[in-house]
Amino acid sequence: MSATLATPLRSSDAHSSIDLRLDVLDVLRGIALVGMFLVHFSNYATGGGRADGIYQQTVLLLFEERFWAMFGILFGASFAIQFRRADARGEPFTLKYLRRLAALAVFGFIADGIFGYNVLLGYALWGLALPFVRKWSTPVLVGALIVSAASMHVYTTTRAAYGVATKGEEAFQADSRALGAYNRTFSQANREAQESADFSTVVAARLERMPWFYSRPYSFLPVNTFTLFLLGVLAVRIGLFDRPAEHRRLIVALAVFGAASLAFERLVPDRPPTPGAPLVQEMFLSQLAGGYGLIRGMWLTFTYAGVVLLLVASNPKWLQRLSNYALGLTITPLAGLTAGIALFGVNVVFSRWWLARHPYGPMEWLWRSATYWRWQRWR
């Protein structure tokens, strides 16, 4: 999602009181993109030797969810920047923003129903909530972030408490087991249908999965997508991206918290159950011991982003260095890693060629045209 309203943001742009100089967002987007490429190719890779296994475990530990989380945070940041610049210009933007989300929902429906990727549609749906919170005070936004991050645990505990109170503990547990068995059966059958050699069968299975998927708690609760959006809004509100030098201590604290969260998730054992203890009490204490949704391994993305922000804060030249060809990474001969880097490199070369001739990428041009309800300039 672009960091600007109608024109691409460049460090040379002059925007008077809102000169954002947010090229660092493009660097972080590139890092998130190459990270997701590596995760994608690793997930779909098969076979290989011991080195491949070690590499896949490394991806699972350090990459899985981390770069998806970074992308979600950047979406929230871009939303906040768009409205901030519109407010500074005295221009209404809500209707344009809603058209932008509608276009994103169309892209997302196609991506989910045809290709099986649900992220964009989820972004479009949760993006509808952002205009309602954008003018909240920073303390209120922090409170909303905490509630959002813990919402899954609040929901499951409340649901269990209500079920036990109305049905009894044994009946509630039986219902929960039956629901879990149904979900596993449906998921397995649907996954097998998506592996069919007949593409119409695959599409039908993906369309059948959509209402099931979006009715799951992790879809209709703000626990993931909206939590990341709020993080991006807060980061822009505080000035982490455009004024990192003023926030070194906070950035370091977030980076340390991100690494510590991963260590906590991986190293701290689950709380053992207490025999004979009430179900709701056990559920709450176990969730609390696990961080109650506030401590997650995905927060390692804070560490990755923090390193970039601290480098830029120490020397602005790092911005130019980090903007070049996927950080200048060298690669190993592992098949998945090679494919991911190769695809990213092709993407970079094509993007540089395209953007030398056009102001936006083709999908961004179409998205902006839908946002502003007029064709944007092509050349």
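The values are calculated or read from the model by the stated rules, or taken from the named source; none is laboratory data. Quick caveat: nothing in here was measured; it's all calculated off a predicted structure. Neighbour counts are summed over all protein chains in view; Cβ atoms, including those assigned to glycine, are modelled from backbone coordinates with ideal geometry. Surface areas here come from the heavy atoms of the whole protein model, side chains and all, with no ligands, DNA or RNA. Shrake-Rupley method; radii C 1.70, N 1.55, O 1.52, S 1.80 Å.
Rounded if a/c is under 1.5, else prolate if a/b is larger than b/c, else oblate: which is the range 241-329, with a ≥ b ≥ c the root eigenvalues of its Cα gyration tensor?
Here the range 241-329 falls in the prolate category.
May I ask you to give the percent of accessible area on the chain that is carbon plus sulfur, with a probe radius of 1.4 Å?
That fraction is 66 percent.
If you build a Gaussian network model of the chain, linking Cα atoms that sit under 10 Å apart, which residue out of 74, 250, 104 swings the most?
Top of the fluctuation ranking is 250.
How far is helix 335-355 tilted, in degrees, relative to the longest principal axis of the Cα atoms in the chain, given as a value from 0 to 90 rounded to the nearest 10?
Taking the Cα atoms of the chain, the angle to 335-355 is about 40 degrees.
Apply the Karplus parameterisation 6.51 cos²θ - 1.76 cosθ + 1.60, with θ equal to phi minus 60°, to every residue of the range 224-241 and state each ³J(HN,Hα) to the nearest whole Hz, in sequence, with x for glycine and proline.
10, 4, 5, 4, 5, 4, 5, 4, x, 4, 5, 4, 5, 4, 6, x, 5, 7
Show me 115-123, 294-302, 138-146 ranked by packing, highest mean number of other Cβ atoms within 10 Å first.
294-302, 115-123, 138-146
State, as an integer percentage, the relative contact order of the chain based on alpha-carbon contacts under 8 Å between residues 6 or more apart.
Reported relative contact order: 26 percent.
If you split all Cα-Cα distances of the chain into 10 Å bins from zero, what percentages do you get per bin, shortest first?
Each 10 Å bin holds this share of Cα pairs: 4, 19, 30, 28, 14, 4, 1, 0.
Once you have a ≥ b ≥ c as the square roots of the Cα gyration tensor eigenvalues for the range 71-119, tell me rounded if a/c is under 1.5, and otherwise prolate or oblate according to whether a/b is larger than b/c. Present the calculation step by step, with values, prior to reporting the outcome.
Details: a/c = 6.24, a/b = 2.00, b/c = 3.12.
In terms of gyration-tensor shape, oblate.
How about the range 156-257: which GluC sites (Glu not before Pro) there lie in a loop by DSSP and see at most 10 other Cβ atoms within 10 Å? Don't skip to the end; give the middle numbers.
Working: sites: 169, 170, 192, 195, 208, 246; in loops: 195.
Hits after loop and neighbour filter: 195.
Over the range 162-320, what per residue volume does the convex hull of the Cα atoms give, in whole Å³? Don't jump to the answer; show the numbers that get you there.
Numbers: hull volume 30.9 nm³, N = 159.
Hull volume over Cα atoms, normalised by residue count, gives 195 Å³.
Which of 171, 293, 252 sits farthest toward the positive end of the charge dipole of the chain, with +1 on the Cβ of Lys and Arg and -1 on the Cβ of Asp and Glu?
Among 171, 293, 252, the one farthest towards the positive end of the dipole of the chain is 252.
Kindly write out, for the range 89-104 in residue order, the coupling ³J(HN,Hα) from the Karplus curve 6.51 cos²θ - 1.76 cosθ + 1.60 (θ = phi - 60°), rounded to whole Hz, with x marking Gly and Pro.
8, x, 10, x, 10, 4, 5, 5, 5, 5, 5, 4, 5, 4, 5, 5
Once you list every other residue whose beta carbon is under 11 Å from the beta carbon of residue 42, what net charge do they have if Lys and Arg are +1 and Asp and Glu are -1?
Counting the neighbours of residue 42, the net charge comes to -2.
By how many degrees, between 0 and 90 and to the nearest 10, does the Cα long axis of helix 199-214 differ from the longest principal axis of the chain?
Helix 199-214 sits at roughly 80 degrees to that axis.
With a 1.4 Å probe and every protein chain left in place, tell me how much accessible area residue 304 has, in Å² to the nearest 10.
Here the residue's solvent-accessible area equals roughly 60 Å².
Residues of the chain: accessible area per residue at 1.4 Å, in Å²?
53 Å²
Would you give the gap between the C-alpha center of the range 124-149 and the C-alpha center of the range 188-203, rounded to a whole Å?
Their Cα centres are 38 Å away from one another.
Could you name the lysines in cross-link range of residue 135, using Cα to Cα under 27 Å and dropping any fewer than eight places away on the same chain?
In chain and number order, the partners are 96.
Against the longest principal axis of the chain, how steep is helix 50-62, in degrees 0 to 90 to the nearest 10, with axes from Cα atoms?
For 50-62 against the chain, the angle is about 80 degrees.
Determine the calculated [θ] at 222 nm for the chain from helices alone, applying -39500 (n - 2.57) to every DSSP H run no shorter than 4 residues and normalising by the residue count; nearest 500 deg cm²/dmol.
Taken over the chain, the calculation gives -23000 deg cm²/dmol.
What ³J(HN,Hα) values, in whole Hz, does the Karplus curve 6.51 cos²θ - 1.76 cosθ + 1.60 give for the range 154-171 when θ = phi - 60°, with x put for Gly and Pro?
Karplus values, whole Hz, x for Gly and Pro: 4, 5, 5, 5, 5, 4, 5, 4, 5, x, 5, 5, 9, 10, x, 5, 5, 5.
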